[in-house]
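What follows draws every value from the coordinates through simple rules; no lab data is involved. Here the structure is a predicted model, which is why all the values come from computation and not from measurement. Virtual Cβ from ideal backbone geometry, glycine too; neighbours counted across all protein chains shown.
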């Protein structure tokens, strides 16, 4: 599988402040309260959904036991037309991410490797394919589980550190590597979703 070439992570921070209206204005604009309440509830539901997905991803991916003896755990890719069950290996540590799928001579059709980061990585973050023997496609996934970019990567067995690097092209927190052509074969594209059992009808048994 591809090794990772780390680049600095850019972080921007913002701040927001709330302003309270005087009592007279609150009364004068009281008719707006139901609309504001609905908007607030919708935002809260969206936040809870995001936190729920992140919690499931972190718990399942970081601590899931996986299929006995294999280290694989179930996951799904969800489009408007279908839910595709897959099995994934996890690359949690820097060493695991650097090793990736290097040296593998084959990969089962519905099996892949998920690179997991604690923080969002920038669009300039790169992967490479040194000592990787099979062509791969990589989907970059944001913290909400949405695919933000997909790239194809060619094998490279050059031992002189001259393998090309592949920039993500979009910020991401997870990166999923599958066999070359897998995403196209299943009509998976930008805006589709990666999820785990308990979300989007994803079954608890992935495919081998």
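Using the Cα gyration tensor of segment 57-195, with a ≥ b ≥ c the square roots of its eigenvalues, what is the shape: rounded (a/c below 1.5), prolate (a/b larger than b/c) or oblate (neither)?
Values: a/c = 1.35, a/b = 1.23, b/c = 1.10.
It is rounded, given that a/c, with a ≥ b ≥ c, falls under 1.5.
Sort 72-82, 170-180 by packing, meaning the average of other beta carbons within 10 Å per residue, with the highest value first. Write out the running numbers ahead of the final one.
Working: 72-82: 18.2, 170-180: 21.6.
Descending mean neighbour count gives 170-180, 72-82.
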task: Would you mind checking segment 133-152 for residues with the amide N under 16 Å from a putative spin-label position 7 Å along Cα→C-beta of residue 106?
output: 133-135
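To the nearest 0.05, how large is the calculated FRET efficiency for residue 157 and residue 95 if R₀ is 30 Å and r is the Cβ-Cβ distance? Walk me through the numbers on the way to the answer.
Working: r = 21 Å, r/R0 = 0.70.
After rounding to 0.05, the efficiency reads 0.90.
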field: Computed label-point distance, nm, for sites residue 79 and residue 165 using a 7 Å Cα→Cβ extension
entry: 3.2 nm
task: Please report how far the C-alpha centroid of segment 82-121 lies from that of segment 138-208, rounded to the nearest whole angstrom.
output: 9 Å
